[in-house]
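Engineer: Take a look at this one; I'll ask things after.
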Amino acid sequence: MQNNRQIGLAMLTPSSNTVVEPYTSAMAWPLFPDVTVHFGRFRVTKIALDESSDDQFSLEPILAAADLLADAKPAIIAWNGTSASWLGFDTDERLCAAITERTGIPATSAILSLNALLARMGVKRLGLVTPYTQDVQQRIIANYAAIGIETVAERHSGRSDNHSFAEVSENEIREMCLDVAQARPDAIAIVCTNMRGPLIAPELERQTGIPVLDSVAFTLWGCLRETGVPMQKLAGYGQMFASGDDDGLRAVPSR
């Protein structure tokens with residue numbers, strides 16, 4: 001830790017999310033007290049491709065929540081949600097720029113962190129696991145195809161109520177991941193920060209030999225990477241942490 005300075009990580013989370021706070025706090029515990037994690041919410045209750053759902057992600061409510069987190073003087077503010085996966089990656093780029101302009105604090109997001117990992121690992125063939133409906137899933141697939149990443153297998157739960165995403169059990173997530181692993185993707189992404197994937201991802205990596213990139217985990221990874229915090233203490237949570245910020249991080253060839 002540079003200069004023994006305590007580093008605060010601030011997370012913006014949907015109001016109906018019950019996974020991000022406890023799972024991020026549990027994963028980050030080996031870094032405490034050098035690293036602390038703080039949370040702020042804004043209202044999100046439904047995920048769908050309609051105007052009312054899209055309006056939940058308008059800038060002003062998110063910036064108002066970021067203002068409150070900024071009072072804690074964190075080193076970074078992260079949008080710990082995956083809306084850019086279907087709304088478009090540029091929405092998170094604009095959001096992060098707006099947060100930084102408003103607060104003076106660097107910002108990142110779940111999806112920007114995932115995309116950084118996919119690029120660093122050289123992933124071209126993706127396995128996708130989400131709780132979302134078919135139309136949302138197809139929009140995510142199309143957005144990744146547009147940046148040269150083919151989704152070779154996918155599974156989704158067909159849900160739109162954001163609170164219910166946390167009701168998808170670890171066993172269900174495990175089975176979805178094992179199903180998409182049969183296509184031998186370069187990596188499997190569990191895309192939703194209200195899905196209970198972080199603690200089973202390392203076991204799935206060992207079982208399949210494929211990197212499993214969970215949303216809660218890769219948001220934390222992105223924050224630690226941006227703030228220069230060593231990640232080795234979190235190596236047990238998956239190869240993204242074992243490799244840290246190593247430019248040699250690559251997916252294990254799976255074909």
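Engineer: Return the residues of segment 8-26 that are under 17 Å from Ser164 (Cα atoms) and in contact (Cβ under 8 Å) with a residue 24 or more places away in the chain; say none if nothing qualifies.
Structural biologist: Thr13, Pro14, Ser15, Ser16, Asn17, Thr18, Val19, Val20, Tyr23
Engineer: Scan Ala217, Ala166, Ala145 and give me the residue that is of a type in the set (Gly, Ala, Ser) and touching a Phe, Trp or Tyr at 6+ places or on another chain (Cβ under 9 Å).
Structural biologist: None of the other options fit; the residue is Ala217.
Engineer: Could I ask something else about it? Can you tell me which residues in segment 108-121 are of a type in the set (A, V, I, L, M) and over 20 Å from Trp86 (Cβ atoms)?
Structural biologist: Listed by number, the list holds a single entry, Met121.
Engineer: Do you know which residues across segment 151-190 are of a type in the set (Val, Ile, Thr), crowded, with 20+ Cβ neighbours inside 10 Å and closer than 12 Å to Leu128 by Cβ?
Structural biologist: Thr151, Val180, Ile188, Ile190
Engineer: Looking only at segment 97-154, how many residues end up being within 18 Å of the chain's Cα centre (by Cα) and charged (D, E, K, R)?
Structural biologist: Residues flagged as within 18 Å of the chain's Cα centre (by Cα) and charged (D, E, K, R) within segment 97-154 amount to 3.
Engineer: Do we have any residue at all in segment 206-213 that's within 17 Å of Ala78 (Cβ to Cβ) and not aromatic (Phe, Trp, Tyr)?
Structural biologist: Yes; the residues of segment 206-213 include at least one that is within 17 Å of Ala78 (Cβ to Cβ) and not aromatic (Phe, Trp, Tyr).
Engineer: May I ask you to verify whether Val180 is touching an Asp or Glu at 6+ places or on another chain (Cβ under 8 Å) and assigned by TED's automatic domain parsing to the domain that holds Gly127?
Structural biologist: yes
Engineer: Could you tell me whether segment 44-60 includes any residue that is out of contact with any helix residue (DSSP H, G or I) (no Cβ under 8 Å at 6 or more places or on another chain), of a type outside the set (Gly, Ala, Ser) and at pLDDT 95 or above?
Structural biologist: no
Engineer: Kindly indicate which of Ile188, Ile149, Ile99 is free of Cβ contacts under 8 Å to residues at least 40 places away in the same chain and in contact with a Pro (Cβ under 9 Å, 6 or more places away or on another chain).
Structural biologist: Of the residues listed, the single one that is free of Cβ contacts under 8 Å to residues at least 40 places away in the same chain and in contact with a Pro (Cβ under 9 Å, 6 or more places away or on another chain) is Ile99.
Engineer: Quick one: which of Ala110, Ala142 is under 24 Å from Arg225 (Cβ atoms) and of a type in the set (A, V, I, L, M, F, W, C)?
Structural biologist: Selected residue: Ala110, the only one of Ala110, Ala142 that is under 24 Å from Arg225 (Cβ atoms) and of a type in the set (A, V, I, L, M, F, W, C).
Engineer: Restricting to segment 87-97, count the residues that are hydrophobic (A, V, I, L, M, F, W, C) and modelled with pLDDT of 95 or more.
Structural biologist: Qualifying residue count for the region: 3.
Engineer: For the condition in contact (Cβ under 8 Å) with a residue 12 or more places away in the chain, surrounded by fewer than 24 Cβ atoms within 10 Å (Cβ to Cβ) and charged (D, E, K, R), what is the one hit in Asp135, Asp71?
Structural biologist: So the residue among Asp135, Asp71 that is in contact (Cβ under 8 Å) with a residue 12 or more places away in the chain, surrounded by fewer than 24 Cβ atoms within 10 Å (Cβ to Cβ) and charged (D, E, K, R) is Asp135.
Engineer: Considering only strands (runs of 3 or more DSSP E) fully contained in segment 146-246, which possess at least 3 residues that are more than 21 Å from Arg120 (Cβ to Cβ)?
Structural biologist: So the answer is 150-156.
Engineer: Are there any pairs, at least 6 apart or on different chains, whose C-beta atoms fall under 6 Å, with the first in segment 223-243 and more than 18 Å from Trp29 (Cβ to Cβ) and the second surrounded by fewer than 20 Cβ atoms within 10 Å (Cβ to Cβ) and acidic (Asp, Glu), and if so, which?
Structural biologist: Taking only residues 6 or more apart or on different chains, the pairs are Arg225/Asp245.
The values are calculated or read from the model by the stated rules, or taken from the named source; none is laboratory data. Source: prediction; values computed, not measured. As a convention, Cβ positions derive from the backbone with ideal geometry for all residues, glycine included, and neighbour counts pool all protein chains shown.
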